[in-house]
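Here is the structure we will look at.
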Amino acid sequence: MDVFGRLGAVSWAVYSWLTDNYASSYKEIAEATGQNVASIRRVLSRGKNTGALIRHGLVIYNPADNTYHAEQATEDKLERIAAVLGVLGRSDKRERSHQAERGLRVNHLLYGAIRNYEKKRTK
């Protein structure tokens with residue numbers, strides 16, 4: 001999740017669609033994913049300004065068939081890419097933070113409920 005948090009929603013939409021499908025044009029991918037053609041071009045471009053999905057090996061372009069396809073990436077591969085992008089462990093850290101916040105909220109609500117119960121009981 002760290003990887004696509006950095007690469008963006010368009011990258012995630014393209015990658016997830018291409019894991020189950022082959023495509024030969026940006027337009028085909030754009031229509032299938034509901035994204036803009038220019039955005040698809042940005043994440044899949046080849047050559048001088050290689051798109052992020054191609055650069056990190058998440059999507060493969062086959063020139064013989066003129067098709068794009070993505071293989072399901074292993075956890076290890078995603079962790080290596082996350083390390084390169086400088087986001088390794090970010091989602092785990094966020095999850096721990098949210099868990100702590102939920103705990104504090106539950107404690108606060110429980111404290112308020114106990115206080116209300118004690119007020120009603122002493123009346």
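Worth a mention:
- Given charges at beta-carbon only (K, R positive; D, E negative), |dipole| of the chain in Debye: 1080
- Take every Cα pair under 8 Å whose residues are at least 6 apart in sequence, average their separation, divide by the length of the chain, and the relative contact order is 26 percent.
- When peptides 6-17, 104-115, 32-43 are sorted by average Cβ neighbour count within 10 Å, with the highest value leading, the order is 6-17, 32-43, 104-115.
- Sum of -39500 (n - 2.57) over DSSP H runs of 4+, divided by residues of the chain (222 nm, nearest 500): -20000 deg cm²/dmol
- Residue separation of VAL106 and THR50 scaled by 0.36 nm, minus their Cα-Cα distance, works out to 15.4 nm of gained length.
- Positive-end residue, the range 2-88 charge dipole about Cα centroid, Cβ charges, pick of THR33, GLY51, GLY8: GLY51
No lab work stands behind these numbers, since they all come straight from the coordinates. Note that the coordinates shown come from a computational prediction; the quantities given were computed from them, not determined experimentally. Virtual Cβ from ideal backbone geometry, glycine too; neighbours counted across all protein chains shown.
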